1. Cβ-Cβ under 8 Å, sequence separation 6+ or interchain: first residue in segment 10-22 and among the charged types (D, E, K, R), partner crowded, with 24+ Cβ neighbours inside 10 Å and in a strand (DSSP E or B). Which pairs?
2. Evaluate the following for residue 22: is it farther than 15 Å from residue 108 by Cα, at pLDDT 95 or above and touching a Lys or Arg at 6+ places or on another chain (Cβ under 7 Å)?
3. For residues that are part of a loop (DSSP other than H, G, I, E, B) and in contact with a helix residue (DSSP H, G or I) (Cβ under 8 Å, 6 or more places away or on another chain), scanning just segment 6-36, find the one that is nearest to residue 52 (Cα to Cα).
4. Hey, does segment 61-77 have a residue that's in contact with a helix residue (DSSP H, G or I) (Cβ under 8 Å, 6 or more places away or on another chain), touching a residue at least 60 places away in the same chain (Cβ under 8 Å) and more than 20 Å from residue 144 (Cα to Cα)?
5. Are there any pairs, at least 6 apart or on different chains, whose C-beta atoms fall under 8 Å, with the first in segment 102-115 and within 8 Å of residue 65 (Cα to Cα) and the second surrounded by fewer than 23 Cβ atoms within 10 Å (Cβ to Cβ) and among the aromatic types (Phe, Trp, Tyr), and if so, which?
6. Checking the conditions here, which among 46, 18, 57 is buried (at least 21 other Cβ atoms within 10 Å of the Cβ) and farther than 23 Å from residue 93 by Cα?
7. For segment 89-109, check the following and say yes or no: at least one residue is at pLDDT below 80, more than 16 Å from the chain's Cα centre (by Cα) and farther than 18 Å from residue 32 by Cβ.
8. Provide a single number: the residues in segment 101-118 that are open to solvent by less than 10 Å² (accessible area, probe 1.4 Å) and either of a type in the set (Gly, Ala, Ser) or touching a Leu at 6+ places or on another chain (Cβ under 9 Å) (or both).
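The values are calculated or read from the model by the stated rules, or taken from the named source; none is laboratory data. Just so we're clear, the structure is a prediction, and the values are computed from it rather than from any experiment. Using ideal geometry, Cβ is built from the backbone for each residue, glycine included, and neighbour counts are taken over all protein chains shown. With ligands, DNA and RNA removed, areas are computed over all heavy atoms of the protein, side chains included. Shrake-Rupley method; radii C 1.70, N 1.55, O 1.52, S 1.80 Å.
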Amino acid sequence: MPIDSTAMFAMSYGLYVVSAEADGLKAGCVVNTAVQVTAQPIRMSVAVNKDNVTAGVIAKAGAFTITAIDQTADMPYIGNFGFRTSDTYDKFAKYETAVSAVGSPYCPEHACAVYGCRLIETVDVGTHYLFVGEVEQAERLSSEPPLTYAYYHSTLKGKTPPKASSYQAE
C-alpha cells in the first residue's frame, strides 16, 4: 500500500526550542518533536537532526532544556532559533536568557513552560538523534497557550525547514 506522506500533517505537534551548552558553546534549535514519555520518573524525548549543532552540544553537555513556545511568538523569534546555525550565530544574544536547573541556557520570552532534562539515553533514528532525558525542572512560565505546528503554518505562515523531522520535499 502506498504511503501518503501528507497524512503526517494531521498529527498534532507543538513547537519548542531545545537548547544546551557545552565547552562554552550555547546552542538551540526549534523542534516539533518534544514529548513526555513517562510519568514516574518524568522523562521527555526530543528529536534533533544530526546535522544541527545543537545535537552535538546536547551529547557533550549530557543535558538539554526544552521551552514550549507560546502563541505570542513571532516569525523573527522563530527564525532566530529555527533558521540560523549556533556555530556562527549567538541565538541567545537578542533575548533575555536564563539558565535551567541542568545548566542549559533558555529564553523565557515567548515560552509558556520550561523543562530541564538530564540526558539518560540517545537513540540513533536515522537522520535524527532521539534524546531521552529525566526531567529535573518543570515550570510554567506563562498562561499563554502553546504554539502548535498547525497555528505556525496557518496563522504565522511558517515553512518547514529541511532539517525538521516533518520536512516533506516539494
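1. From segment 10-22, the pairs are 21/27.
2. Values: farther than 15 Å from residue 108 by Cα: yes; at pLDDT 95 or above: yes; touching a Lys or Arg at 6+ places or on another chain (Cβ under 7 Å): yes.
When the stated conditions are applied, residue 22 passes them.
3. Going residue by residue through segment 6-36, those that are part of a loop (DSSP other than H, G, I, E, B) are 11-13, 15, 23-24, 32-33.
Next, only the ones that are in contact with a helix residue (DSSP H, G or I) (Cβ under 8 Å, 6 or more places away or on another chain) stay: 12-13, 15, 23, 32.
Details: 12: 23, 13: 20, 15: 17, 23: 16, 32: 14 Å.
Looking at residues that are part of a loop (DSSP other than H, G, I, E, B) and in contact with a helix residue (DSSP H, G or I) (Cβ under 8 Å, 6 or more places away or on another chain), I get 32.
4. Taking segment 61-77 as the starting set, the residues that turn out to be in contact with a helix residue (DSSP H, G or I) (Cβ under 8 Å, 6 or more places away or on another chain) are 64, 69, 71.
Narrowing further to those that are touching a residue at least 60 places away in the same chain (Cβ under 8 Å): 64, 69, 71.
Then drop every residue that is not more than 20 Å from residue 144 (Cα to Cα), which leaves 64.
Yes: one or more hits.
5. 105/92
6. Values: 18 fails: farther than 23 Å from residue 93 by Cα; 57 fails: farther than 23 Å from residue 93 by Cα.
Just a single option satisfies the conditions, and that option is 46.
7. Just the residues of segment 89-109 that are at pLDDT below 80, to begin with: none.
No, there is no match, as no residue in segment 89-109 is at pLDDT below 80, more than 16 Å from the chain's Cα centre (by Cα) and farther than 18 Å from residue 32 by Cβ.
8. If we filter segment 101-118 for residues that are open to solvent by less than 10 Å² (accessible area, probe 1.4 Å), which is where we start, we get 104-105, 107, 111-114, 116-117.
Going one step further and asking which of them are either of a type in the set (Gly, Ala, Ser) or touching a Leu at 6+ places or on another chain (Cβ under 9 Å) (or both), we end up with 104, 111-114, 116.
Number satisfying all stated conditions: 6.
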